[in-house]
Each structure stands twice: as C-alpha cells, then as structure tokens.
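Step one of this worksheet: look at the structure below.
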Amino acid sequence: MMGEHRGKQQRLFYSFNLDEHVPADHLLRGINQFLDLTDLRAYLAPFYSHTGRPSIDPELMIRMLIVGYCFGRVERRFGIKPGYLIGDTAYGNAATLGWLVNEKQIDPYIPVWSTADRREEIIPSSDFIWDERKDEYRCPGDQRLRREWRSFKNPRAHITKADTIIYRASQRDCASCPMKQRCCPYTPFRKITRSIHQQARDVAREMAKRSDYRQSRRDRKKVEMLFAHFKRILKMDRLRLRGITGARDEFLLAAIAQNLRRMAKKLCPTAPPRVLAYT
C-alpha cells in the first residue's frame, strides 16, 4: 500500500525522522529547490496494492537517494551522440573499437588492448609493415607474410573464430634469415595475427597521439571519482534489484540523485536553512 507524506515523516525504518537528521544548511535542502515530484505519486499508484501497511512515501524515497547515461537511448530520442568516447583498456578490444569507428563514427579515446609478445628480445609486430593493397606484411628483413601461400579451388577468407586473420612467413625465408633468433626463435616461421577490426585499432592508436586525447585521460579521472562516490558515499557497492531492467532502474535513480547533488552544489552553494518540503 502506498504511503503518503503528511508533514514531517514520523516513521522511516523504525523510529527515524528524516527532517531531524538533515542540518539546516544541508545540500538536500538546496536540491529541494530544483526537484519537482508533483506527479510522482500518481504515476506510481498503479504499482501499489490497495491493502496492507502504508509504505514510505515514494516521493521521499526519491529524495533520499542522493550518472547513468544510456547512449543508444539518447541517440534515438534526440539524434545526438558524442564526438569521442573515453574508456580504459578493458574497452580497447578490437570488436568495441570496430563498433565505435566503423558503425558509430565516434573517435575512440581508448588505449588499445593487445596480447602481442612484449619480450624485449623478440622483434615486435609493430616493426612489420602492412601493405593494404597487397594484403600482406613485410618483415624487417623485407620478407612477406601472407594469409595464404597457395591458391585454393574454393576461395577462403581465413577468418578465425576470434575474428582474426593469421599472416605467415615462408618457412624457407625464415630458416635462412639472420634475424630468426630475434624474430621466431621457438617456431619454424614468424606469424602475425591481424584482427578484422585492425583498421579501427590503428585509428585508436593515432588518436593517442593527440593533445586532446591526453587531456581526456586526465578528465576521465574526474568521472571515475563519480563511480567511487557511488560506492563509498551512496553505498552502491552492488545492485539490489535483479535483471537488466531492475539494474537499469536502480542505477538510473542513483545517477539522478548524484546529478541533483552536483547541480545543487553548483547552483546553490549555500542552501538556505528551511524545513524540507515534499510537494
């Protein structure tokens, strides 16, 4: 049964009076100037039972929650999207970069995730030159690495389940190469794995050379602080609601509350002392 706030909230989780615990100059009182929940109770009424003990006023629950952004929904509704997207290396996988660059035309300000051999004694794959026209690599010894060394009756794309293409050098070329011990000491020939999204990976690497990319890495730290605020201040170390819909709604409420806090701090640095109002 939906409860309704009348004057001061007398009972909230046992004998707890919210108004008595909010100082006169608290940020909540500043938020109260910008938050209009007039239609909230009418909207939620169909979801409450007509019998049972009255719940806490839903309007009060919203105000207690003191930045979730759905990218796809914003683009569909308003027809806008960001010019670039910032993320850590976990988002720098080939598929994600391919989606950003090729499908969404968004600049990826994201470090590229790579599993390349980083041993100092091994010649890195970055030293191999890619030839788009010939669809092959050239090693530092000017030998070719190709996806296939013979023709097949039925043409093959050679794309693996991991959405990669393996380019191999000729075993004969590698056997006589003076750099073999630094290039492929444990295999008979050198091979390079190239993602089908490699072009997007290259775009991301070029982005990393920009000055605004470096600035974005500094700005990202400020955003990470918001998530830390969720966990430490709002105690949102885990979601309570189950399923995608529940998680979305819970996080959205927390994000709204967090944004209200920030807005109140910016627009009303010193909140006037007054009793909290809920209508």
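Things to note:
- Only a single item in (1) loosely packed, with under 15 Cβ neighbours inside 10 Å; (2) out of contact with any Phe, Trp or Tyr (no Cβ under 6 Å at 6 or more places or on another chain); (3) assigned by TED's automatic domain parsing to the domain that holds Gly141 is not met by Asp212, and it is number (3).
- For Glu148, the criteria (1) surrounded by 12 or more Cβ atoms within 10 Å (Cβ to Cβ); (2) not in a loop (DSSP other than H, G, I, E, B) hold in every case but one, which is (2).
- The residue list Ile62, Ile86 contains one member that is surrounded by 15 or more Cβ atoms within 10 Å (Cβ to Cβ), closer than 29 Å to Leu267 by Cα and at pLDDT below 80, which is Ile62.
- Pairs are defined by a Cβ separation below 7 Å, a sequence spacing of at least 6 or placement on different chains, a first member in the range 193-208 that is crowded, with 16+ Cβ neighbours inside 10 Å, and a second member that is basic (Lys, Arg); the pairs so defined are Ser195/Arg201.
- Count of the range 163-186 residues which are part of a loop (DSSP other than H, G, I, E, B) and more than 18 Å from Glu120 (Cβ to Cβ): 5
- Pair list, Cβ under 7 Å, 6 or more apart: the range 28-56 residue assigned by TED's automatic domain parsing to the domain that holds Cys268 and among the basic types (Lys, Arg), other residue loosely packed, with under 10 Cβ neighbours inside 10 Å and modelled with pLDDT under 70: none
- Some residue of the range 93-108 being under 15 Å from the mean Cα position of the chain (by Cα), within 20 Å of Arg214 (Cα to Cα), of a type outside the set (A, V, I, L, M) and assigned to a helix (DSSP H, G or I): no
- Criterion: more than 25 Å from Arg41 (Cβ to Cβ), modelled with pLDDT under 80 and polar (S, T, N, Q) - qualifying residue of Thr279, Thr270, Thr193, Thr187: Thr270
- Scanning the range 239-267 for residues that are loosely packed, with under 12 Cβ neighbours inside 10 Å, among the charged types (D, E, K, R) and modelled with pLDDT under 80 gives a single hit, Lys266.
- As a summary of the residue check, Ile123 satisfies the conditions (1) within 27 Å of the chain's Cα centre (by Cα); (2) surrounded by 13 or more Cβ atoms within 10 Å (Cβ to Cβ); (3) more than 30 Å from Ser216 (Cα to Cα) except for the one numbered (1).
The values are calculated or read from the model by the stated rules, or taken from the named source; none is laboratory data. Remember, predicted model here, so these are calculated numbers, not experimental data. When we count neighbours, we look across all protein chains shown, and the Cβ atoms used for this are built from the backbone with ideal geometry, even at glycine.
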